[in-house]
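What follows is calculated from the coordinates using simple rules that are stated; it is not laboratory data. In this text, all values refer to a predicted model and were calculated from it rather than measured experimentally. Cβ: placed from backbone, ideal geometry, glycine included. Neighbour counts: every protein chain shown.
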There are 2 protein chains.
Amino acid sequence: MDELDRRGEGGARAARIQDVARLAEVSTATVSRALATPERVSPEARARVLEAIAKVGYVPNPAARTLRSQKSNMVLVVLPNLDNIFFSRILRGIEEALFEAGYGMIIGDLDGSPDKEARFAAFTAAGQVDGALLLNGHLFGQTRDGRGPAAKTGVPLVALCEAIPGADIPQIEVDNRAAARRMTRYLASLGHRRIAYLRGPETNVLERERHRGYRDGLKDEGLAFDPALVLPGDYSLEAGAAAGAAILARRERPSAVFCSNDEMAIGLMRTLISGGLRVPQDISVAGFDDIEFAAMVEPSLTTIHQPRRALGRQGAHVLIDLLNGREAPPRVRLKTELVVRGSTGPAPRSATKRTAKP
Amino acid sequence: MDELDRRGEGGARAARIQDVARLAEVSTATVSRALATPERVSPEARARVLEAIAKVGYVPNPAARTLRSQKSNMVLVVLPNLDNIFFSRILRGIEEALFEAGYGMIIGDLDGSPDKEARFAAFTAAGQVDGALLLNGHLFGQTRDGRGPAAKTGVPLVALCEAIPGADIPQIEVDNRAAARRMTRYLASLGHRRIAYLRGPETNVLERERHRGYRDGLKDEGLAFDPALVLPGDYSLEAGAAAGAAILARRERPSAVFCSNDEMAIGLMRTLISGGLRVPQDISVAGFDDIEFAAMVEPSLTTIHQPRRALGRQGAHVLIDLLNGREAPPRVRLKTELVVRGSTGPAPRSATKRTAKP
DNA sequence: GCCCGCGATGTAATCGATTACATTGAGTGT
DNA sequence: ACACTCAATGTAATCGATTACATCGCGGGC
């Protein structure tokens, strides 16, 4: 009954391998082989099969194929927040590489809720996907600090962007620490002595790396680390604006602010400028990520360029290698680039003087 | 052999419904019913089943379920370009709504290549997904102008953002034409007489609506349409910059430029400012979309706010209704909002004079 | 002339769940 | 006490492809 209803309603039912076999006057096995291993079928049979396929518009049923072969040709991409424009280009890199390899991409936007994570973990456990790319900095079921048991997934995983501490899975990352160090040294080379750091959420692994790099850079340049120069933030434009307000309210201002992402840097700059400061004449501002708009704000933002698309492609390729049983490097580090634009300049004389010895 | 190998390699094999049934001492039918229709199973049996499920960590195999029930609980979202930040918030709205309804989201990034489109069309034809949301302005296999045969997909489709001309599918959209008209009238109300329009790609349906709205607005205000004031563009920052350069090179400049998206407006503003013009004192600039950065550039951008997240949610809900056999409205129009910020102001006197009568 | 090997093809088991239909047994009305 | 209903459960067909194994027939080696 059920069947009949559906058949009646939708018009023609999708063609099955049976239909093709009948039309081509071969068995279903031959049809299957003609598609999967053409060299094992006689040219004549293959031709008849292809013709029949074209005639009835046959498309293999993915569910049946997945069920039998235990391979879904789907990959899950888990990320903390689809809204974060930082991810869009990475996603594109991933999609490109997956598509070329014949895989589809399922998106799991965690949106900060743990129950969503559980359902995405079930995707992998159930064999809904052949593997997963994790852009969220921790494993399924794991606590933020990287301890606690990771859920058993049974499929290959690859971590992107945020290294997952203690996890035994390949990681593709940018050398955040080295990049932050480089930026800090660059600012110091401009004469800045009081270099503030606007940080991201402390629980974030990536953030910790950048923070470490900042302190490395200070040390390299013989500058003392001053906790008062570390400002709290959460990677949002608003956090940048808040930090800007905080700086404006201070008596002793930093002469440069290194923000751990571009969005905060842009929010910060805007607030500082509204508050009457000139960037970079009065204060320098630097970011991290090199998002599209970094070059478009006024002044344009000095920042660290990350090869985001390449990051996505690399991650996907490593996962694909794993899926095909090939060896994969435990860790891939991609190079960043310091992009000097208009938001950074020499330390103002007054600032240098004012902070020479308080 | 194949089976044994796999079993040996990965350790424990995923639990099947059989395993649960054996452990709970019921039949597989009862297990299935305990999950799908609990009220049709005795409380004791249900309890035993749930316990067994927890013990063996059973997760139903989606492929088997899809194969039998002809329902994949997956939805395909087709979009022209993942990179375009305009889509990220819409996607988030879609993901939220789909997740709540128990659907997964597969992303198809067309990236401008027709063969990708064909493969995504196959997804739907093969029953890989239960339905699709199209953000790309045309149906599978259809030519850009909306003619030509659409591929038979066999699943419900919903168009988002860009209405698809002639397609008999529900459309969720923003009233682009009315919004563009409103913006044009707003600019005129500031005294602008020479209002330029920086357009998007002409093949784009959405673009045509905005363009039409612009001309509506001119007409309302008794302003003549001047083809010389329509500048070519493609929605990119670079196109905005190019348009800016073109305007700077002109003798007779417009006193206001209405850009059909924010990215172009931002690129345009930046070039104009670098060229020595003041915004809005010398020239007003307005955008469309209200992307996050619209408020963050200097001066902040006057634009049309689109409820992007709501758009995504609505689209997903309409599709879900269709999937459940409920009626869906053929067309949903969401309201936009004119957001006045710093990039628009009264027409400069000189401009008004200069263009009073050439 | 017989047998072996091998390429081409067919038959049917299999993947794991859903569900139509059958069966059982307890409760109810007369 | 008997027939009937209905809830609970079981049995087995089914979804559509893949693939192990069987079969067939042809050609070559001895």
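Odds and ends about this structure:
- Computed [θ] at 222 nm, helices only, for chain B once each DSSP H run of length n ≥ 4 contributes -39500 (n - 2.57): -13000 deg cm²/dmol
- Based on Cα contacts under 8 Å between residues 6+ apart, the range B:216-358 shows a relative contact order of 22 percent.
- Degrees, to the nearest 10: A:43-56 long Cα axis against longest axis of chain A: 70 degrees
- As a proxy for reagent exposure, A:Arg199, B:Arg33 were ordered by neighbouring Cβ count within 10 angstrom, fewest first; the result is B:Arg33, A:Arg199.
- Take each residue of peptide A:54-66, count the partner chain Cβ atoms within 10 Å of its Cβ, and average: the result is 5.
- Inter-chain neighbour count for B:82-94: the average number of beta-carbon atoms from partner chains within 10 Å of each residue's beta-carbon is 5.
- P(r) tail for the range B:206-358: Cα pairs beyond 20 Å make up 55% of the total.
- The DSSP beta bridges internal to chain B are antiparallel in roughly 10% of cases.
- Calculated P(r) of chain B - Cα pairs past 39 Å, %: 34 percent
- Shielding of A:154-161 by partner chains, average beta-carbon count, 10 Å: 1
- Global size of the range B:246-299 as Cα Rg and Dmax, reported in angstrom: 10.7, 34
- Debye intensity ratio I(q)/I(0), log10, the range B:45-129, q values 0.20, 0.23 Å⁻¹ (C-alpha model): -1.00, -1.14
- For the range A:29-105: relative contact order, % (alpha-carbon pairs under 8 angstrom, 6 or more apart): 21 percent
- Within the listed set A:Glu327, A:Glu25, A:Glu252, the Gaussian network model of chain A (springs between alpha-carbon atoms below 10 Å) gives the highest mean-square fluctuation for A:Glu25.
- Against chain A, whose longest principal axis comes from its Cα atoms, helix A:237-249 is set at around 0 degrees.
- Cross-link check: pairs B:Lys219/B:Lys335; A:Lys116/B:Lys55; B:Lys71/B:Lys335; B:Lys71/B:Lys116; A:Lys116/A:Lys335; A:Lys71/B:Lys71 evaluated at a Cα-Cα cut-off of 30 Å; pairs beyond the cut-off: B:Lys71/B:Lys335; A:Lys116/A:Lys335.
- Think of each Lys and Arg Cβ as +1 and each Asp and Glu Cβ as -1; about the Cα centre, that makes the dipole of the protein assembly as shown roughly 1500 debye.
- Net charge dipole, the range A:200-327: roughly 100 debye, given to the nearest 20, about the Cα centre with Cβ charges of +1 for Lys and Arg and -1 for Asp and Glu.
- Helix A:85-100 and the longest principal axis of the C-alpha atoms of chain A enclose an angle of approximately 30°.
- For the range B:56-95, trypsin sites (Lys or Arg not before Pro) meeting the loop criterion (DSSP other than H, G, I, E, B) and having at most 16 other Cβ atoms within 10 Å: B:Lys71.
- Under the convention that each Lys and Arg Cβ holds +1 and each Asp and Glu Cβ holds -1, the size of the dipole of chain A around its Cα centre is about 1080 debye.
- With the convex hull of the Cα atoms taken as the outline of the protein assembly as shown, the averaged projected area works out to 36.7 nm².
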